[in-house]
Amino acid sequence: MSSLPRCVCPVAEEASAPRLAGAEASAALAALHAEAFPPAERWGADALRLLLEMPGAFALLVPGEGFVLARVAADEAEILTLAVAPAARRRGVGGRLLAAALARALAGGAATMFLEVSVANEAARALYGAAGFAESGRRRRYYADGSDALVLSRRLCGS
């Protein structure tokens with residue numbers, strides 16, 4: 001396991017910057033999640049609503065393109081899911097969502113962000129690696145397809 005990488009501050013200031021979305025947006029979030037993930041990994045509106053009602057949870061949305069769902073607890077934050085519609089991929093949407101989630105987590109008092117990603121998801125691993133995440137653990141056979149999850153983490157600026 002590697003040590004956490006140096007702090008890299010994200011910037012998310014563009015016309016299509018992600019906006020905060022609450023539990024009332026759970027149907028729209030579920031529709032985007034269904035576009036972005038295979039059937040066995042899709043999260044429904046009820047599950048997303050319940051997650052958004054947890055203390056410290058938040059979603060950031062680029063309407064029709066993607067969203068990130070995360071939570072902050074004490075000095076740690078976790079990305080629960082990041083979904084980008086296939087038609088919006090390779091256009092920087094995932095990077096904007098990730099940067100906005102990192103900034104919001106920092107503002108919420110988090111010093112470190114964690115997430116899990118499939119070893120088979122090369123695009124997501126590249127996105128997270130470019131954002132300064134490093135492997136800090138592994139969960140064997142975590143996903144429905146039997147693939148392992150890499151636990152990634154990074155320090156947040158100001159922490």
Can you confirm whether region 9-17 contains a residue that is surrounded by 14 or more Cβ atoms within 10 Å (Cβ to Cβ), of a type outside the set (Asp, Glu), at pLDDT 95 or above and more than 12 Å from Ala83 (Cβ to Cβ)? no
Among (1) in a strand (DSSP E or B); (2) free of Cβ contacts under 8 Å to residues at least 40 places away in the same chain; (3) crowded, with 22+ Cβ neighbours inside 10 Å, there is one condition Ala77 misses while meeting the rest; what is its number? (2)
Filtering region 109-127 down to residues that are closer than 16 Å to Arg154 by Cα and not polar (S, T, N, Q) yields Gly109, Ala110, Ala111, Met113, Phe114, Leu115, Glu116, Val117, Ala124, Arg125, Ala126, Leu127
Hey, any hits in region 95-105 for a residue that's more than 28 Å from Arg155 (Cβ to Cβ), touching a helix residue (DSSP H, G or I) at 6+ places or on another chain (Cβ under 8 Å), without any contact (Cβ under 8 Å) to a residue 40 or more places away in the chain and not in a strand (DSSP E or B)? no
Check whether at least one residue in region 102-111 is crowded, with 16+ Cβ neighbours inside 10 Å and farther than 18 Å from Leu69 by Cα, and report yes or no. no
Residue in region 126-144 that is assigned to a loop (DSSP other than H, G, I, E, B), surrounded by fewer than 17 Cβ atoms within 10 Å (Cβ to Cβ), touching a Ser or Thr at 6+ places or on another chain (Cβ under 6 Å) and not polar (S, T, N, Q) present: no
Any residue at all in region 118-139 that's more than 22 Å from Ala45 (Cβ to Cβ), among the polar types (S, T, N, Q) and in contact (Cβ under 8 Å) with a residue 40 or more places away in the chain? yes
Starting from region 17-34, keep only residues that are touching a residue at least 24 places away in the same chain (Cβ under 8 Å), then list their pairs with residues that are in a strand (DSSP E or B) and among the β-branched types (Val, Ile, Thr) whose Cβ atoms are within a distance under 7 Å, requiring at least 6 positions of separation or different chains. Pro18/Val62; His33/Thr81
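The values are calculated or read from the model by the stated rules, or taken from the named source; none is laboratory data. Quick caveat, the model's predicted, so the values are computed rather than measured. Because the Cβ atoms are built from the backbone with ideal geometry, glycine has one as well, and the counts that use them run over all protein chains shown.
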